[in-house]
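Peer 1: Shown below is the structure under consideration.
The values are calculated or read from the model by the stated rules, or taken from the named source; none is laboratory data. Nothing here was measured: the structure is a model prediction, and the numbers come from that model. Cβ atoms come from the backbone with ideal geometry, glycine included; neighbour counts cover every protein chain shown. Remember, those area values only see protein heavy atoms, side chains included, never the ligands or the DNA or RNA. Shrake-Rupley method; radii C 1.70, N 1.55, O 1.52, S 1.80 Å.
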Amino acid sequence: MGAARRVSTEDIPDRDRLGFWNAGAAAIGGVEADRIEDHAFQGVVVRRALGDAKVFRLDTSPHRAAWTRRLIAAGEGDPHVRIWFQHRGSTIVSTRHGEHIVRAGQWSVSDGRYPYVATHLEASRKLALQLPLGRLARHEQDAIARLPGALQVGGGIARMLQACLHGAITTTAETDDRLDADLGETMIDFMRMLLHEQRLGSDVAPMRELTQDRIRAFVRRNVGNPALSVDMIAQAMKCSKRYVHKVFNGDETISEYIWGTRLESCRAALASPKAAQTTLTQIAFENGFSSSAHFSRAFREKFGTAPKAYRAQMLDAGSRTDKTRRSALTSAGT
C-alpha cells in the first residue's frame, strides 16, 4: 500500500505502447486497449491500493477499451465493480443494455460480470474506485446488473467521493496500511450511498448495513490481534459499544462473528499446503487466540473435528488430487 504509483507510456516507442499498456492492465481492471484509426496511443495511470478498494486516475489519448467474455472467463477470484468519474472528455460505453455517453462531470458504473466496450474519441481523464463485487450485498449486486451505466447522482456524497479519490492518488508520502484500509472503507461507504441515491432498490445500503459492513472489514483486518474486542471496534468506528451490539442484533452477535472469523481463518491455514510446516500453536496465535487449548476446543466445537485431524485430512486430499492430476497429464503425453 502506501503512496500512489505512476505508470506511463511516455518513454515507450509508439509501436510498443499498446502492448506495454495491456501487459500491465491487470493492475487497472484488466481491460484491453486498442487504437482508434491513426491515433498514436498515450496513457498515464496513477493507482493506489486501499484495503479492498483500488483507486485510479487514468489519462489517455483517443482509444477503445474492451472488457470481453474471454477476459471474464480467464479472471481469478471475485469479479469487480468499478464506479468512475469522467473528469475530462467523454466516453461512449456499450453494454448489453445498449449504448450511452458519459460526459465530463458525470459518474458511471462498470460491472465486471458482463462485457462492455468504452470508446474514447478524445483525450480523457477519469477517476475510478474499484472493489470486489462480494463487498456489496446481493440486492446491490442485482441492482447494479440492471444499470444502463450512467448514474444520475450529484450532491454532497458525490463531491466527497470525488475529493477522496483525488486526494488518494495525489498522496506521494508512504502511509500506514491501517489508515489506507480505513480510507478505502470510507470510499466504499460513499459508493453504496450513491447507489442508494440512485434508488437502485427499495432498501439499498441503509446506515445499519453500512456500519455492519465496516465492522466486518475491521474484524477481518484485525483478526490476529488478541485485543480485538467490542471496545476496540467501538473506538475505531467512533460509536458506542451498545450501538455495535445493536448493529449485530440478529442471527449472529458481534462476539460470535469475531470468533467465527478467527476460526475460519485458522481453518484456511490448516488446509493450505503453504502452511504445512506451521505449528498449530502458531496458527492459533496468529489468529488472535491466546491459548492453543482454547483454539483446539473451539475448533472442534465449530467444525466437529480436531485441528490436527482436519489438517491431515485436507493435506491428504490435496495430495491425492495432485497425484491424479499428474497421472492424467502423464497419460495425455504418452
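Peer 1: Out of everything in the range 240-255 that is open to solvent by 40 Å² or more (accessible area, probe 1.4 Å) and part of a loop (DSSP other than H, G, I, E, B), what residue ends up being farthest from ARG216 (Cα to Cα)?
Peer 2: SER240
Peer 1: Looking only at residues that are at pLDDT 90 or above and of a type outside the set (A, V, I, L, M, F, W, C) in the range 63-79, which one is farthest from ARG17 (Cα to Cα)? Outline the logic, then answer.
Peer 2: Applying the first criterion (at pLDDT 90 or above) to the range 63-79 yields 63-67.
This time we only want the ones that are of a type outside the set (A, V, I, L, M, F, W, C), so: 63-64.
Working: HIS63: 12, ARG64: 14 Å.
Out of the qualifying residues, it is ARG64.
Peer 1: Out of (1) in contact (Cβ under 8 Å) with a residue 12 or more places away in the chain; (2) open to solvent by 60 Å² or more (accessible area, probe 1.4 Å), what's the single condition that is false for MET237?
Peer 2: The number of the failed condition is (2).
Peer 1: Next up: ASP213 fails exactly one of the following numbered conditions: (1) at pLDDT 85 or above; (2) under 14 Å from the mean Cα position of the chain (by Cα). What is the number of that condition?
Peer 2: (1)
Peer 1: Being touching a residue at least 40 places away in the same chain (Cβ under 8 Å), touching a strand residue (DSSP E or B) at 6+ places or on another chain (Cβ under 6 Å), closer than 28 Å to ALA163 by Cα and surrounded by 15 or more Cβ atoms within 10 Å (Cβ to Cβ) is the requirement here; does VAL102 meet it?
Peer 2: Yes, satisfied.
Peer 1: Confirm whether VAL102 is out of contact with any helix residue (DSSP H, G or I) (no Cβ under 7 Å at 6 or more places or on another chain) and modelled with pLDDT of 90 or more. Can you show your working first?
Peer 2: Working: out of contact with any helix residue (DSSP H, G or I) (no Cβ under 7 Å at 6 or more places or on another chain): yes; modelled with pLDDT of 90 or more: yes.
Yes, satisfied.
Peer 1: List the residue pairs whose Cβ atoms are under 8 Å apart, where the first residue sits in the range 36-47 and is under 9 Å from SER61 (Cβ atoms) and part of a strand (DSSP E or B), the second is open to solvent by less than 50 Å² (accessible area, probe 1.4 Å) and of a type in the set (Phe, Trp, Tyr), and the two are 6 or more positions apart or on different chains.
Peer 2: From the range 36-47, the pairs are GLY43/TRP21.
Peer 1: For the range 213-239, enumerate the residues that are among the aliphatic types (A, V, I, L, M), in a loop (DSSP other than H, G, I, E, B) and out of contact with any helix residue (DSSP H, G or I) (no Cβ under 8 Å at 6 or more places or on another chain).
Peer 2: Result: ALA227, single match.
Peer 1: Which pairs have Cβ atoms under 9 Å, sit 6 or more apart or on different chains, and link a residue in the range 127-150 that is in contact (Cβ under 8 Å) with a residue 12 or more places away in the chain to one that is of a type in the set (Val, Ile, Thr) and open to solvent by 30 Å² or more (accessible area, probe 1.4 Å)?
Peer 2: LEU147/THR95; PRO148/THR95; GLY149/THR95; ALA150/ILE101
Peer 1: While we're on this one: How many residues are crowded, with 21+ Cβ neighbours inside 10 Å and out of contact with any Ser or Thr (no Cβ under 8 Å at 6 or more places or on another chain) when one looks only at the range 113-129?
Peer 2: 3
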